[in-house]
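Structure, as C-alpha cells:
Every read-out reported here was derived from the displayed coordinates using simple, explicitly stated rules and does not represent laboratory data. Quantities reported herein were computed from a predicted structural model and do not represent experimental measurements. Here Cβ is always computed from backbone atoms with ideal geometry, including for glycine, and neighbour counts include all displayed protein chains.
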Amino acid sequence: MSVRLTQDEVRHVAELAKLRLTEDEVEQFAGQLSAILDYAARLQEVDTSSVPPTPYVLPLVNVMAVDEPRPGLSNAAALANAPDSDDGFFRVRAVFEE
C-alpha cells in the first residue's frame with residue numbers, strides 16, 4: 001500500500017508547523033514524507049505478537065553517586081557574592097504586592 005501526500009496536504013502540515021515553503025520544497029517534501037509514511041506502513045505489517053513489551057532497550061543502571069554528607073559553605077562565604085544581604089540572609093525584591 002503506497003501513501004502519496006498531495007501538495008495541499010504538505011502545505012497544510014507546513015502551516016501547522018508555521019513553516020514557509022517554496023513550491024520546490026513542497027514538491028520535494030511531498031515525496032520525502034510519502035516515503036516515510038510508506039515505511040511506517042511497512043513496519044505496521046511486522047508480526048510482533050511474540051515479542052514482549054519492552055519499555056527500555058538497555059538494562060537500567062543507577063548512575064547516581066552515593067550521597068555522603070560533607071561540610072557546606074559558611075554563611076559568610078554563601079553571602080560573599082550576594083548583591084544584597086541583611087543580618088545573615090539574602091535580601092531579594094518582594095514578589096507579592098501588598
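Of the residues in segment 43-55, none is within 12 Å of SER2 (Cα to Cα), free of Cβ contacts under 8 Å to residues at least 40 places away in the same chain and among the charged types (D, E, K, R). Exactly one residue out of ARG11, ARG93, ARG20, ARG70 is surrounded by 12 or more Cβ atoms within 10 Å (Cβ to Cβ), among the charged types (D, E, K, R) and out of contact with any Ser or Thr (no Cβ under 7 Å at 6 or more places or on another chain): that is ARG11.
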